[in-house]
Amino acid sequence: MQEAIAVSDTVRFTVNGEPRCWQGEPMARLLDVLRYELGLTGTKEGCGEGECGACTVLLDGEPVCACLVPMLQCEGRAVQTIEGLGGADRLEPVQRAFVEAGGVQCGACTPGLVLTAWALLQREPRPDRARMREALAGNLCRCTGYERILRALEHTIAARQGGGAPAAGTGEATP
């Protein structure tokens, strides 16, 4: 019987702005490295197949399912998790809006949804509801029905523009 050869690579990347040097199996999932080796448990595992979006992180600013990203693809790249976006003492406006609009329920999907929404608003400061739905389509939520999540994005957009909160369900800012 042939003995298995251990394969180990070193991957240099940044996580939440901090340089990291990780050594291990090149096909190890980014999700597992974040959660179990780096202790960043805000990234959740849902389906393990890239269908639910619970494990969404930003890779070079773009949302990806961390359960599908092998560590070898992280070489020289920047990973941002929910922990790097803001904390309880300094919420980003989109995080605050999720809380205030009731877009946070059980919490399993929230980190992925928040990161996806934040990335969308970085690229497109004023997306319409159709664009919001399209951007969030890879993130499943069983608790909110999405209306409150969309409202959270609308609140964030209105706040950035110095306007009031959108009227319920309209997407229009109130004075």
Inset, instruction - Check each of the trypsin sites (Lys or Arg not before Pro) in the stretch 128-165 and keep only those in coil by DSSP with at most 11 other C-beta atoms within 10 angstrom; list them in order. - result: 142
Legend entry - residue 46 long-range amide H proximity, modeled H, under 5 Å: 54, 55
Inset, instruction - Answer with a single label: of [x] 17.7, 75; [y] 21.2, 67; [z] 18.0, 69, which was calculated as Rg and Dmax of the Cα atoms in Å from the structure in view? - result: [x]
Legend entry - ³J(HN,Hα), Karplus 6.51/-1.76/1.60, whole Hz, each residue of the stretch 95-100, x for Gly, Pro: 5, 4, 5, 4, 5, 5
Inset, instruction - Would you mind ranking 92, 51 so that the residue whose beta carbon has the fewest other beta carbons within 10 Å leads the list? - result: 51, 92
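Quick note: the coordinates plus some simple rules give every number you see, no bench work behind them. Since we're looking at a predicted model, the values are computed, not measured. Positions of Cβ are generated from backbone atoms using ideal geometry, with glycine treated the same way; all protein chains shown enter the neighbour counts.
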